[in-house]
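**Student:** Can you keep this structure in mind? I'll have questions shortly.
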């Protein structure tokens, strides 16, 4: 393999390895910020809106409550917690009458990796509580007892109206409306006798694990938000992360790899404080505690929407709220590849899924199409390598003539290239042109929920790694399992490296360069061992097709005798040196002059 081709291949591999490592292990650290409104927004103990003497007796140090005093208080401060269920074709939501918020969410059409019912959240640690504008914000809806009224709408929607009478003309109603066949629920908080411009909300979520590898699931847990000016941003949740948004937010959402919980306020959340953490010592995948400030409309209503469901691009895109940005298609320094995914690869993928049911066949067809599209660049790369091969005898003569003077050899080499019309970067640039597709696929396959629990050969779930053997120990930089698709990808990469080495001339002045292509496949072996099987299957198929494509091009499209004759004929033609060649020659001359002065 010639030096320029190896440099191109090395640059490509370094970018891949560097970015994968950056994406998995060095996410940007966010500043820890204090919640300036934490005291005002804190969850308060129940305080009745009646005689203060009774309040003092109920708040005794020993937490005892006088039953007669309790019975004399309004209904909102008395009651027994009960569970109420709201169900449609997509969700089963269970609400607690104390607090009037959902304490569990079952996503009906999906299963966990172990084929259990899929709960996005279930049990303690889940809450949506409003801080009411009474007693200096000392009353939270999460501490009130509500009376539910369930109503079936004519269009199939179902509604629960949780009402709480606080006495003295004060009342709060929390109304949830679940459409007949949708993941987006409406939530209206209506205040009676409590005028206010804004209401603070405590929104807590303790999301449960649903995938094969909880470590990978936590690594892919992120908080997304969209500002009212349509700008999006996100951060990956580490052990603990706190963030206060600097502008009015349209929605805030928790992404847990393949499932989301998103709270939407079309009027905009005036303030958003986010406190998120991953629970490495429990069965909870991730916990978020958000403090939001929502505007109250003129009729005393806070209008919200709540999405609980899959992180499915097509479903999220239908809402036209920008929530499809929660499906990672390209972020950070590779943000530009999301346009390749959105405008080219995603439409093509969705078309293939509409006509082909086998996802292994879909990956094969998609790979064939990508190789066909990139065939022009591939041909140019192989043509450049063929030119370098036929020029090798002349280069060897120049190297022998200027043995010991590498600078002089370099100058004469550039002159020869210019005379025969060979671009020394001809094998490198086509590789770089393929880089966007490489990164686009890196994002596409692990992000699509369509691959979740789809099987191909021995891989039972293409959204996670395939495993043919579980090791009794963990190997550093590799893991505790053996992914066969990763092994096949590595083997095909090594074979491709050997094939290319035999087809391209080697630079004797750089003996180590010939070993570089054999090192990167082993690096990839560790990096991709825990990647989605859909991705490693794609790279294996792509490598296999590259080998076949190279064989066909070399056998039927590359005529080295004709190429050599053309290059010799080019020597007799006048050559106008390019600016790049002139600059390189000037640099080499200057370097040679400095060498002589020494």
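Every number in this text was worked out from the coordinates using simple rules, so none of it is lab data. Here the structure is a predicted model, which means the values were calculated and not measured. Cβ atoms come from the backbone with ideal geometry, glycine included; neighbour counts cover every protein chain shown.
**Student:** Beta carbons within 10 angstrom, averaged per residue: use that to sort the peptides 518-525, 270-277, 147-154, highest first.
**Tutor:** Result, highest mean first: 270-277, 518-525, 147-154.
**Student:** Work out, step by step, the length gained on full extension between residue 155 and residue 353: first 0.36 nm times the residue separation, then minus their alpha carbon distance; give nm to one decimal.
**Tutor:** Result for the pair: 68.1 nm of gain on full extension.
**Student:** Also, quick follow-up: In square nanometres, what is the average projected area of the Cα convex hull of region 204-243?
**Tutor:** 3.7 nm²
**Student:** Please compute the length gained on full extension between residue 124 and residue 477, using 0.36 nm multiplied by the number of residues separating them and subtracting their Cα-Cα distance.
**Tutor:** That pair, residue 124 and residue 477, stretches by 123.4 nm at full extension.
**Student:** Moving on to the next point. Note down the nm distance, to one decimal, between modelled labels 7 Å out along Cα→Cβ at residue 111 and at residue 568.
**Tutor:** Using points 7 Å along Cα→Cβ, the separation is 7.0 nm.
**Student:** Rg to Rh ratio, region 216-323, alpha-carbon atoms and Kirkwood radius?
**Tutor:** Here the Rg-to-Rh quotient is 0.97.
**Student:** So, one more: Quick one: check the C-alpha center-to-center distance for region 408-423 versus region 196-221, whole angstrom.
**Tutor:** Going from one Cα centre to the other spans 61 Å.
**Student:** Please give the FRET efficiency for residue 136 paired with residue 198, using the beta carbon to beta carbon distance and R0 = 22 Å, rounded to the nearest 0.05.
**Tutor:** 0.90
**Student:** Take the Cα radius of gyration of region 266-400 and divide it by 2.2 N^0.38 Å, with N its residue count; two decimals is plenty.
**Tutor:** In units of the 2.2 N^0.38 Å rule of thumb, it is 1.82.
**Student:** Using Cα-Cα distances under 8 Å and only pairs 6 or more residues apart, what relative contact order does region 389-497 have, in percent?
**Tutor:** 10 percent
**Student:** Provide the FRET efficiency to the nearest 0.05 for the residue 228-residue 432 pair, computing r from the beta carbons and using R0 = 51 Å.
**Tutor:** My answer for the efficiency is 0.85.
**Student:** Based on the mean of other Cβ atoms within 10 Å per residue, sort peptides 531-543, 316-328, 441-453 so the most packed one is first.
**Tutor:** Result, highest mean Cβ count within 10 Å first: 531-543, 441-453, 316-328.
**Student:** Cut-off 11 Å, label point 7 angstrom out along Cα-to-Cβ of residue 75: give me the residues of region 118-160 whose amide nitrogen falls inside.
**Tutor:** Hits in region 118-160 for residue 75 at 11 Å: 146-149.
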